[in-house]
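Novice: Below you'll find the structure I mean.
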Amino acid sequence: MTAILVILAVLIALLVLIASASVRVLREYERGVIFRLGRLIDMKGPGLILLIPIIDRMVRVGLRTVTLNIPPQDVITRDNVTARVNAVAYFRVVDANRAVVEVENYLQATSQIAQTTLRSVLGKADLDTLLAERERLNDDLQTIIDQQTEPWGVKVTTVEIKDVEIPGTMQQAMARQAEAERNRRAKVIDAEGEAQAATRLADAADVISRNPTTIQLRYLQTLRDVGANPSSTIAFPLPLDLFRGLLEGGDPRQLQAAPEAPRFTQDREAVREQR
């Protein structure tokens with residue numbers, strides 16, 4: 001009886017081992033690539049998968065999107081500026097059979113092709129393009145990497161440049177360039193403002209020349225604005241030409257033609273002769 005029990009125990013253990021070797025459970029995002037005696041049979045899953053022990057072998061492949069952090073790469077741009085760039089890529093397996101058969105390790109292969117493509121594409125761009133046109137560079141990187149990984153059954157959906165590090169001396173030069181550009185814009189804006197102000201003053205002078213009373217009204221308005229603050233004393237220069245029309249009361253040429261006013265003072269000798 002003891003020998004029979006031992007044999008039964010051994011048989012049960014063998015059955016458990018065989019069952020564990022022939023039964024697989026795949027999750028919803030997993031697929032199993034089945035090889036039978038080294039030959040590709042089919043892709044199965046998800047759910048319960050039955051395998052023939054010792055004959056069948058299964059390779060699990062995940063179909064979820066993988067976030068690949070591309071290590072920082074030293075890049076020399078087209079204008080000979082050294083930059084350190086890192087990026088991130090998002091990809092997923094769309095054909096599990098090709099991802100297992102066509103490439104040894106699709107994760108490592110995708111990482112290496114992403115690094116080399118990053119150096120190649122950014123090396124053809126200027127520093128200004130690298131800083132200002134990231135969206136276009138991201139599209140170019142995604143297209144090139146996706147074309148190279150398509151035979152492996154890998155689909156690259158997005159590539160984004162995360163950070164661009166440039167030397168400190170180049171940062172100082174860019175800061176001086178930006179400051180000079182701002183100063184240039186400020187001078188241009190000041191010049192445009194002076195030109196517009198001169199145009200408006202010329203128009204105002206034309207209006208005042210047609211009606212001299214306008215300058216007097218404007219002068220009174222200025223006095224009212226200045227007098228609104230009684231805590232300060234302001235010396236306002238007053239040209240007499242502004243009030244020449246009021247003082248003379250008419251055309252200066254008519255005033256020059258008018259007779260002189262009678263004199264009320266006489267010489268002492270003339271007074272004595274009259275006496």
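Novice: Can you give me the ranges of the strands (runs of 3 or more DSSP E) entirely in the stretch 1-118 with at least 3 residues that are surrounded by 11 or more Cβ atoms within 10 Å (Cβ to Cβ)?
Specialist: 23-26, 30-36, 39-44, 56-62, 66-76, 82-93
Novice: Also: Looking only at the stretch 149-163, which residues are crowded, with 17+ Cβ neighbours inside 10 Å and either in contact (Cβ under 8 Å) with a residue 60 or more places away in the chain or of a type outside the set (Val, Ile, Thr) (or both)?
Specialist: Trp152, Gly153, Val154, Val156, Val159, Ile161
Novice: Would you confirm whether or not the stretch 43-54 contains a residue that is in the same structural domain as Thr143 (by TED's automatic domain parsing) and more than 23 Å from Leu141 (Cβ to Cβ)?
Specialist: no
Novice: Still on this structure, please answer the following. Within the set of pairs 6 or more residues apart or between chains, which connect a residue that is surrounded by 15 or more Cβ atoms within 10 Å (Cβ to Cβ) inside the stretch 129-143 to a residue that is among the polar types (S, T, N, Q) and in a helix (DSSP H, G or I) with Cβ atoms less than 7 Å apart?
Specialist: Leu141/Thr117
Novice: Looking at Val75, Val100 in this structure, which one is under 26 Å from Glu165 (Cβ atoms), touching a Gly at 6+ places or on another chain (Cβ under 9 Å) and not charged (D, E, K, R)?
Specialist: So the residue among Val75, Val100 that is under 26 Å from Glu165 (Cβ atoms), touching a Gly at 6+ places or on another chain (Cβ under 9 Å) and not charged (D, E, K, R) is Val75.
Let's see how each residue does on (1) in a strand (DSSP E or B); (2) closer than 30 Å to Asn97 by Cα:
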position	(1), (2)
Arg136	no, no
Asp140	no, yes
Thr157	yes, yes
Ala173	no, no
Glu192	no, no
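The values are calculated or read from the model by the stated rules, or taken from the named source; none is laboratory data. All figures in this text were calculated on a predicted structure; none of them were measured in a lab. Note: ideal-geometry Cβ built from the backbone for every residue, glycine included; neighbour counts use all protein chains shown.
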